[in-house]
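Student: Let me give you the structure first, and then I'll get to my questions.
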Amino acid sequence: MHSTARHGLKIVIIGGFGVGKTTLVRSVSEIRPLDTEATMTDVSVGVDDASGVPGKSTTTVAFDFGRISIDDEHVLYLFGAPGQQRFWFLWDRLFAGALGAIVLVDQRRIADSWYAIDRLEHQGTPFVVACNDFGESHAPDAVRDALDLDPAVPLLMCDARSRESSKQVLIALIEHLYSVVPQGETVS
């Protein structure tokens, strides 16, 4: 869309299996997202724990990719990571060059987010946590305690199906990035 964009800013969306990462990328991307959704087969039985996501029939097997033009010179590139444990080895590579990340959480399965937070903290990648609306919610303080989140990490509620809600999560991430940049430096 903007062939003059000179500054690509990489954002990674991670979280457990079936938390809505593909849905978030789809809802907010200005282009038709590239996704690597594949039909789940009997081969994944016993390999992927689908017990927390009844009715799920497809899964991301590499990553999702979307794009949002900020202005004529800046574009956000969104990378949605696969959530199954067997694909976690890809995460550190996806984090390379990332400006920041969104950890998407299903409040029915909070423990599925621990590894994502651990990897981001280990890599030193700034992030926000967004609890996707699956109809069950806990008080934000309870979620923060369950995830052992640093008080400086923003915790938001969202609906990954909603473009506006997903945009608000991205805005919160950008605001957080500006808050953690040392005085005198810029986010680029």
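Student: How far apart, in nm, are the 7 Å Cα→Cβ label points at residue 123 and residue 69?
Tutor: Placing both labels 7 Å beyond Cα along the Cβ direction yields 2.8 nm.
Student: So if each residue of separation counts as 0.36 nm, and I subtract the Cα-Cα distance between residue 171 and residue 142, what length gain in nm does that give?
Tutor: Gain on stretching residue 171 to residue 142: 8.1 nm.
Student: Still on this structure: Please state the shape class of the stretch 108-188: rounded when a/c is under 1.5, otherwise prolate if a/b exceeds b/c and oblate if not, all from the C-alpha gyration tensor.
Tutor: Since a/c reaches 1.5 but b/c is at least a/b, the shape of the stretch 108-188 is classed as oblate.
Student: Can you compute the FRET efficiency between residue 10 and residue 108 using 1/(1 + (r/R0)^6), with r the Cβ-Cβ distance and R0 = 35 Å? Round to the nearest 0.05.
Tutor: 0.75
Computed from the coordinates by the stated procedures, all read-outs in this text should not be read as laboratory data. Being a predicted model, the structure only gives us computed values, none of them experimental. Cβ: placed from backbone, ideal geometry, glycine included. Neighbour counts: every protein chain shown.
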